[in-house]
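Undergrad: Starting off with a structure, shown below.
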Amino acid sequence: MANSKLSVSALGVLAFGLATAGIHLIQPDLILKLNGLGYIVLLGIIALPIIRLKRYRESARQGLLLYTIVTIMMYFLVHQTAAFEQTLGLISKGLEAALVLFLMLDLQRVSKTKNHYRF
């Protein structure tokens, strides 16, 4: 990376995104593992210092925002009232809600600076 300083919003996206991915990857269900892999791929597009990914970063941020919102909604649709009885699931939803917040802040930051080289 040309500039190794990351914004608070970018650090939040990375931290909460990796935490969310990790929780999904350790689950026994294949669908949850695939969901975690989706987080890793989108975070990689956003964060890796590969110049060829530059043009996809804003779309990846938007895609990760939508992906996270859909993940939260699907959790509650699938588990319904039992969703509130699963501690790890609720922790994961809290991390995902924080990820949504940091993604919105990061999208706002990127749209102001238009500097897509920095994460």
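The values are calculated or read from the model by the stated rules, or taken from the named source; none is laboratory data. Since we're looking at a predicted model, the values are computed, not measured. Positions of Cβ are backbone-derived with ideal geometry, glycine not excepted, and every protein chain shown enters the neighbour counts.
Undergrad: When you go through I31, I23 one by one, which is the residue that is β-branched (V, I, T) and either surrounded by fewer than 16 Cβ atoms within 10 Å (Cβ to Cβ) or touching a Phe, Trp or Tyr at 6+ places or on another chain (Cβ under 9 Å) (or both)?
TA: Working: I23 fails: either surrounded by fewer than 16 Cβ atoms within 10 Å (Cβ to Cβ) or touching a Phe, Trp or Tyr at 6+ places or on another chain (Cβ under 9 Å) (or both).
Of I31, I23, the one residue that is β-branched (V, I, T) and either surrounded by fewer than 16 Cβ atoms within 10 Å (Cβ to Cβ) or touching a Phe, Trp or Tyr at 6+ places or on another chain (Cβ under 9 Å) (or both) is I31.
Undergrad: With surrounded by 15 or more Cβ atoms within 10 Å (Cβ to Cβ), of a type in the set (A, V, I, L, M, F, W, C), touching a Phe, Trp or Tyr at 6+ places or on another chain (Cβ under 8 Å) and in a loop (DSSP other than H, G, I, E, B) as the only criterion, which of L6, L14, L99 stands out? Lay out the reasoning, then the answer.
TA: Values: L14 fails: in a loop (DSSP other than H, G, I, E, B); L99 fails: in a loop (DSSP other than H, G, I, E, B).
The match here is L6.
Undergrad: Criterion first (closer than 20 Å to H24 by Cα and surrounded by 14 or more Cβ atoms within 10 Å (Cβ to Cβ)) does I91 satisfy it?
TA: Numbers: closer than 20 Å to H24 by Cα: yes; surrounded by 14 or more Cβ atoms within 10 Å (Cβ to Cβ): no.
So I91 fails the test.
Undergrad: With R57, R109, R118 as the choices, which residue is in contact with a Ser or Thr (Cβ under 6 Å, 6 or more places away or on another chain), modelled with pLDDT under 95 and of a type outside the set (D, E)? Before you say what the answer is, go through the steps one by one.
TA: On the way: R57 fails: in contact with a Ser or Thr (Cβ under 6 Å, 6 or more places away or on another chain); R118 fails: in contact with a Ser or Thr (Cβ under 6 Å, 6 or more places away or on another chain).
Sole residue among the options that is in contact with a Ser or Thr (Cβ under 6 Å, 6 or more places away or on another chain), modelled with pLDDT under 95 and of a type outside the set (D, E): R109.
Undergrad: Here is a follow-up. Which residues, counting only those in segment 10-64, are free of Cβ contacts under 8 Å to residues at least 24 places away in the same chain and polar (S, T, N, Q)?
TA: The answer is Q27, S59.
Undergrad: If I ask for residues that are of a type in the set (D, E, K, R) and either at pLDDT 95 or above or within 15 Å of L11 (Cα to Cα) (or both), which ones from segment 60-106 would you list?
TA: Our first condition is that a residue be of a type in the set (D, E, K, R); within segment 60-106, this holds for 61, 85, 93, 96, 106.
Once the filter is applied, which keeps residues that are of a type in the set (D, E, K, R) and either at pLDDT 95 or above or within 15 Å of L11 (Cα to Cα) (or both), segment 60-106 yields R61, K93, E96, D106.
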